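Written below as structure tokens is the structure these notes are about.
The values are calculated or read from the model by the stated rules, or taken from the named source; none is laboratory data. Computed from a prediction, not measured in an experiment: that's the story for all the values here. Glycine also receives a Cβ, built like all others from the backbone with ideal geometry; neighbour counts cover every protein chain displayed. When the accessible area is computed, the model is the full protein with side chains, heavy atoms only, and any ligands, DNA or RNA have been set aside. Shrake-Rupley method; radii C 1.70, N 1.55, O 1.52, S 1.80 Å.
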Amino acid sequence: MKIAVAGGTGAVGRHVVDVVRERGHEPVVLARSTGADLITGSGLADRLDGVSSVVDVTSIAAQSGATSTRFFERVTENLLAAERRAGVGHHLALSIVGSDLAPHGYYAGKAAQERAVEQGAVPWTILRATQFHEFAPQILGRMRTGPLALIPVMRCQPVAAREVASRLVDLAAGVPAGHAVDLAGPREESMVDMVRRYVSATGGRSALLAIPVPGAFGKALRDGTLLAGTEAQRGTQTFAQWLDELGAGRESRRR
């Protein structure tokens, strides 16, 4: 089976491509570097020839709701149009747990993406997952100013990107399922504590200041709106185990 991966060079996409190949399928990477421009739609038709399923794990580094919404609507529109012309029978989008309940900032784009997929002509599956373990260093990078980093007060259930990729490939190889069961990490964590542990594990020196984000989105970060429900499937790798794996990899590269 040929499975196309939109955003296949990104943090999650690379795992999806690896799992597709390990399962004996043929991955097709949809990215500008492979001749497929997801923003303009250029090159998509050629890349989708013979593809059975498309997995969309694209992302954008934007906190603006308007910017995020424009990006995800445009990419989804281009993908669905190209898939329809190519006869692709299954569109699978990765979304975020809570995006429907707190459609603010980046999450506004994910909510718009879900609506576009649901209203599209291609049979679909949407998988909502919680934040990845890598979200902690991403937050640190975005919120650091000199030696100080302002970290939002947030409850989360970090999940391994590799486990999300495995679930996505399971779904892509099957029939369209609508909204799949959510996927979350094995335990709840505090974002401030995660970043603190990441800084310690990597030998960093940033001073951290926990800040409650104002407004409706800040409330959603704090009150558990973005946590998975009891019916969600759970990954197995904890944040602590991910940090251990990260440290082992850093040590191996030093040798």
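Label-point separation (nm) for Ser64 and Asp100, each offset 7 Å from Cα along Cα-to-Cβ?
2.9 nm
If you average the C-alpha positions of the range 210-246 and of the range 7-57 separately, how far apart do those two centres end up, in angstrom?
28 Å
Could you give P(r) for the range 1-87, binned at 5 Å from zero, as whole percent values over all Cα-Cα pairs?
Histogramming the range 1-87 at 5 Å steps yields 3, 16, 26, 26, 18, 8, 3, 1 percent.
Skipping prolines and chain starts, which residues have an amide H placed within reach, meaning under 5 Å, of the one on Ser95, given they are 5 or more residues away or on another chain?
Under 5 Å from the amide H of Ser95: Leu127, Arg128, Ala129.
Angle check, please: helix 65-86 long axis (alpha carbons) against the longest principal axis of the chain (alpha carbons), in degrees 0 to 90, nearest 10.
So the inclination is approximately 30 degrees.
Grab every C-alpha pair in the chain, bin the distances at 10 angstrom width from 0 up to the longest one, and report whole percents.
7, 30, 35, 21, 6, 0
Leaving out ligands and nucleic acids, note down the accessible area per residue over the chain with a 1.4 angstrom probe, in whole Å².
Spelled out: the 1.4 Å probe surface of the chain, per residue, equals 46 Å².
When the accessible area of the range 1-130 is computed with all protein chains present and a 1.4 Å probe, what percentage of it is carbon and sulfur?
Working: 2490 of 5250 Å².
Accessible surface attributable to carbon and sulfur in the range 1-130 totals 47 percent.
Please work out the Kirkwood hydrodynamic radius for the range 136-255, using every pair of different C-alpha atoms, and report it in angstroms with one decimal place.
16.1 Å
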